[in-house]
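First the structure, in the form of structure tokens, and then the observations on it.
The values are calculated or read from the model by the stated rules, or taken from the named source; none is laboratory data. Here the structure is a predicted model, which is why all the values come from computation and not from measurement. Counting neighbours? That spans all protein chains shown, and the Cβs are built from the backbone with ideal geometry, glycine included. These accessible areas exclude ligands, DNA and RNA; they are computed on the full protein's heavy atoms, side chains included. Shrake-Rupley method; radii C 1.70, N 1.55, O 1.52, S 1.80 Å.
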Amino acid sequence: MSKRDSKLPASLGVAIGEQLLKTVAVDARQASDSELMQAVSQVARAQLSQRWVENDARERNSRARRVYYLSMEFLIGRSLSNALGALELDEPARAGLKEYARTLEDLADHEPDAALGNGGLGRLAACFLDSMATVGLPSYGYGIRYEYGMFAQEIQGGNQMEYPDPWLKDGTPWEFPRSERAYPVRFGGWVEHVNGSVSWRHAAEVVAKAYDMVIPGHGNRKVSTLRLWKAAAPAHIDLGAFNTGDYARAAGAKNEYENISWVLYPNDSTPAGRELRLKQEYFFVAASIQDMVARHLREHPSLDNFAEKVAIHLNDTHPAIAVAELMRVLSDENGMAWDAAWDICTRTFSYTNHTLMPEALETWSVALMQHVLPRHLEIIFHINKDFLEEAARHRPGDDDFLRRLSLIDEHGERRVRMAHLSIVGSHKVNGVSALHSDLLVQTIFADFASMWPQRFTNMTNGVTPRRWLAQANPGLSGLLDDTLGTGWRLDLEQLAGLRAHTKNKEFQQRFAAVKRENKQRLARLILDTTGIVVSPDSLFDVQVKRIHEYKRQLLNVLHVVTRYLAILADPDADWVPRTVIFAGKAASSYHTAKTIIRLIHDVGTVVNNDPLIGDKLKVVFIPNYGVSVAEVIMPGADLSEQISTAGTEASGTGNMKLALNGALTIGTDDGANIEIRQNVGDDNIFIFGLGASEVQALRQRGYHPMGYYETVPALRGALDAIAGDQFSPDEPGRYSPLVDALLWRGDHYMLLADYGSYIAAQSRVDALYQEPALWWSRAIANVAGMGPFSSDRTIRQYASEIWRVTPLADG
């Protein structure tokens, strides 16, 4: 049966015209690109609505076990192209738009990216929803309907500037308001215990209103639902204050409540910011738990079988308060005995950890939690008491063991350890790459693993090939279709068939032609966003990700400066022209990351304007990195920089997207780089630097970065140039703190230890790029080896090994 709806008019042009008239209310002859985008979206929306109703009915009638994926971020990007592809309407839409003298590409830029996430965490969640629908899992994603996202990034004078990202200012055709799904969420107050009963006397209340986005499956009629919560004040304004002329106070109460869903990750460097973050996390968790319980009770007579019908997954620690909230709902509101409620809780939850860095594991001060969530703090104390009693039986008399395991960190200010709460409250805990999962049980969670070794497992991340190959790279997708057929979209392992073509000259030529077209498209984006002209003939060297010290953009800059100084010293050498491309956002309060962005721009300003350099080297920073920007960058990359300190990157998914689009990786043996190397072959990747065990051994022996500075002349030259005034003549010493952190404050992420190996690997990159046939052979081998990195494989593994959720057949 075709997935296309039989009721759709034969001509999509007619359907577009009907939507222009009935929904957008414009004359088709006068419709703008934006209005046409709205009309095409409404055509797709009607089909998504039908699929959602069908799926909802099928799940209710079958009393299906569902998975609920809780995440602070869902970085879904633009929806139009993905929806048309899933509905098999992309070609009919193109044909219909010809009647209006437009193309789909004309309309694409008029759809804003949905500002519902920032980095890999949110993009992973979006890929997972796509795969849940494609695999056919009964599923919901739950998050927050941010009005302004994290921020829109602009670069002024080399500095990151942050502005609201009002993606909803003109509305969006992709959301479905659910006015009947509204729940109270309460904060503050105190707790009363009377005759064995518990009453939380809250001090404030906000209403969570549901807005759904339908995530379509591919190759079927399934959908997954992304339910987002908007915070609304119980009353719109203080009418009494308004009528007395106190308009600011009248609106103040409304804003106080509704700011919960304004911005992703508000600056937490102030007490008010930290309180808002905790309220955000509880807000979406409390609304989601209420929604799950209400749905369960519509389908089942009691909550006794909740764990048999509900799987709740915690995407990192942001939703960890859900463990205490479910206990509160079961015990306080539904009268369930503590032990029975705890049994349901631990069989319901599972948790994905995304970091190995102890400082990145979320904690909340006991005082703040007492102020915002007093009943939940009591519940956490109760959970902790029971848990520590169990731990004491496991290792009697070992107080240090208990202190390390405790849900409460007693050192200094008492703090609640949210990762510990997630582990104790879950039946499964997973890392996101083989190395990461091994290190979890060897390092930060070793004590938990000694108690519950069976609780820990690995689920290597993946990406959806529909978004990151079929949609982002139509040229390569067409070549794959001609060579392998179209089945790879739903079975990425079919890419292995490309191994027979790696040395085929005709195939290499077609592959190279696609890459050049993509590089030309990326060059246009660079010109449009930065004003810098770059040559598609140069090697496009790409590092695009969140700006953070452990991701080591600064090591990349050290190579750029080393290369620049070497070209100045010998401009007539046979240099491989290179364009080094950066993109990514720094957290608003992360001063060092912002300084690195400034350094990238200052180095670029000098290099790009040096007449001795010309096209031998260019440095660009593309602003406001997001999904739609990534969809242009990934297909145009030649080299993928995955250069985190070994043992710090949990997995990475940018490495997968870039390799899937034919970029060769230069990277450390970290995160999923290891599994990429194993699948594409050691000869088809540039690995450098210390391994995770070597990093740990060097730290234990004593790491002395100054020794590298004193003995490696090229490194010394690059650091001196950065610390001096070569790149900041208007402010000599601007970057001395960055250099001092490397030389005198320990170089925590070991840039200097890996510098020599990194530079040598870059030389190997240059040598290979000068042999085009060999380069293309290895680029094709990278695409061929990416079959295991589909998020469909990841989701099937989660469903089978953790969630125990079975796909539903099409009705």
Across (1) out of contact with any helix residue (DSSP H, G or I) (no Cβ under 9 Å at 6 or more places or on another chain); (2) of a type outside the set (Lys, Arg); (3) within 20 Å of residue 257 (Cβ to Cβ), residue 187 clears everything bar (1)
Could you say whether any residue in segment 460-478 is among the charged types (D, E, K, R) and either open to solvent by less than 10 Å² (accessible area, probe 1.4 Å) or closer than 19 Å to residue 790 by Cβ (or both)? yes
Residue within segment 331-351 that is touching a residue at least 24 places away in the same chain (Cβ under 8 Å) and closer than 30 Å to residue 696 by Cβ present: yes
Kindly indicate whether residue 799 is crowded, with 21+ Cβ neighbours inside 10 Å, among the aliphatic types (A, V, I, L, M) and in a helix (DSSP H, G or I). yes
Of the residues 790, 736, 763, which single one is out of contact with any strand residue (DSSP E or B) (no Cβ under 6 Å at 6 or more places or on another chain) and either more than 29 Å from residue 610 (Cα to Cα) or at pLDDT below 95 (or both)? 790
Checking residue 51 against (1) open to solvent by less than 10 Å² (accessible area, probe 1.4 Å); (2) without any contact (Cβ under 8 Å) to a residue 24 or more places away in the chain; (3) under 28 Å from the mean Cα position of the chain (by Cα), which test does it fail? (2)
Which residue, of 562, 645, is over 18 Å from the mean Cα position of the chain (by Cα), hydroxyl-bearing (Ser, Thr, Tyr) and either open to solvent by 10 Å² or more (accessible area, probe 1.4 Å) or farther than 25 Å from residue 690 by Cα (or both)? 562
Quick one: in segment 580-617, of everything that is in a helix (DSSP H, G or I) and more than 25 Å from residue 569 (Cβ to Cβ), which residue is most open to solvent (accessible area, probe 1.4 Å)? 591
Please pick out the residue among 106, 113, 170, 165 that is open to solvent by 40 Å² or more (accessible area, probe 1.4 Å), within 19 Å of the chain's Cα centre (by Cα) and of a type in the set (Asp, Glu). 165
Just checking, does segment 696-712 include any residue being open to solvent by 30 Å² or more (accessible area, probe 1.4 Å) and in contact (Cβ under 8 Å) with a residue 60 or more places away in the chain? no
Taking residue 574, is it surrounded by 18 or more Cβ atoms within 10 Å (Cβ to Cβ), acidic (Asp, Glu) and at pLDDT 95 or above? no
Could you please tell me which pairs satisfy a Cβ distance under 9 Å, a separation of 6+ or placement on different chains, a first residue in segment 545-563 that is within 9 Å of residue 718 (Cα to Cα) and in a helix (DSSP H, G or I), and a second residue that is open to solvent by 10 Å² or more (accessible area, probe 1.4 Å) and polar (S, T, N, Q)? 561/726
Within segment 539-559, the count of residues that are aromatic (Phe, Trp, Tyr) and open to solvent by 10 Å² or more (accessible area, probe 1.4 Å) comes to 1
Look at segment 639-655 and say how many of its residues are farther than 17 Å from residue 778 by Cβ and not in a loop (DSSP other than H, G, I, E, B). 1
Of the residues in segment 200-226, those that are open to solvent by less than 10 Å² (accessible area, probe 1.4 Å) and assigned to a strand (DSSP E or B) number 10
Examine segment 480-493 for a residue that is within 27 Å of residue 538 (Cβ to Cβ) and assigned to a helix (DSSP H, G or I), and state whether such a residue exists. yes
Please go through segment 388-415 and give me each residue that is within 32 Å of the chain's Cα centre (by Cα) and either of a type in the set (A, V, I, L, M, F, W, C) or open to solvent by less than 80 Å² (accessible area, probe 1.4 Å) (or both), ordered by number. 405, 406, 407, 408, 409, 415
So for segment 291-314 (the condition being surrounded by 20 or more Cβ atoms within 10 Å (Cβ to Cβ) and closer than 30 Å to residue 588 by Cα), does at least one residue qualify? yes
Residue 565 fails exactly one of (1) farther than 30 Å from residue 354 by Cβ; (2) of a type in the set (A, V, I, L, M); (3) in contact with a strand residue (DSSP E or B) (Cβ under 6 Å, 6 or more places away or on another chain), namely (3)
Before we move on, is residue 432 under 14 Å from residue 354 (Cα atoms) and open to solvent by less than 10 Å² (accessible area, probe 1.4 Å)? yes
Of a type in the set (Asp, Glu), in contact (Cβ under 8 Å) with a residue 60 or more places away in the chain and out of contact with any Lys or Arg (no Cβ under 6 Å at 6 or more places or on another chain): is that true of residue 572 in this structure? no
Here is a check on your reading of the model: is residue 284 under 21 Å from residue 366 (Cα atoms), aromatic (Phe, Trp, Tyr) and at pLDDT 95 or above? yes
Does residue 464 satisfy the criteria of being at pLDDT 95 or above, over 31 Å from the mean Cα position of the chain (by Cα) and under 30 Å from residue 84 (Cβ atoms)? no
When you scan segment 665-674, do you find a residue that is within 17 Å of residue 432 (Cα to Cα) and aliphatic (A, V, I, L, M), even just one? yes
Considering each of 421, 407 in turn, give the residue that is of a type in the set (A, V, I, L, M), in contact with a helix residue (DSSP H, G or I) (Cβ under 6 Å, 6 or more places away or on another chain) and in contact (Cβ under 8 Å) with a residue 60 or more places away in the chain. 421
Somewhere in segment 753-770, is a residue outside any loop (DSSP other than H, G, I, E, B), within 30 Å of residue 680 (Cα to Cα), of a type in the set (Phe, Trp, Tyr) and open to solvent by 40 Å² or more (accessible area, probe 1.4 Å)? yes
Taking the conditions exactly as written (more than 30 Å from residue 807 (Cβ to Cβ), open to solvent by less than 10 Å² (accessible area, probe 1.4 Å), aromatic (Phe, Trp, Tyr) and within 22 Å of the chain's Cα centre (by Cα)), does residue 146 satisfy them or not? yes
Sole miss for residue 528 among (1) surrounded by fewer than 20 Cβ atoms within 10 Å (Cβ to Cβ); (2) under 29 Å from residue 74 (Cβ atoms); (3) in contact (Cβ under 8 Å) with a residue 40 or more places away in the chain is condition (3)
Return the pairs, sorted by first residue and then second, in which the second residue is crowded, with 18+ Cβ neighbours inside 10 Å, the first residue lies in segment 726-739 and is without any contact (Cβ under 8 Å) to a residue 24 or more places away in the chain, the beta carbons are less than 7 Å apart, and the residues are 6+ apart or on different chains. 736/723; 739/719; 739/722; 739/723
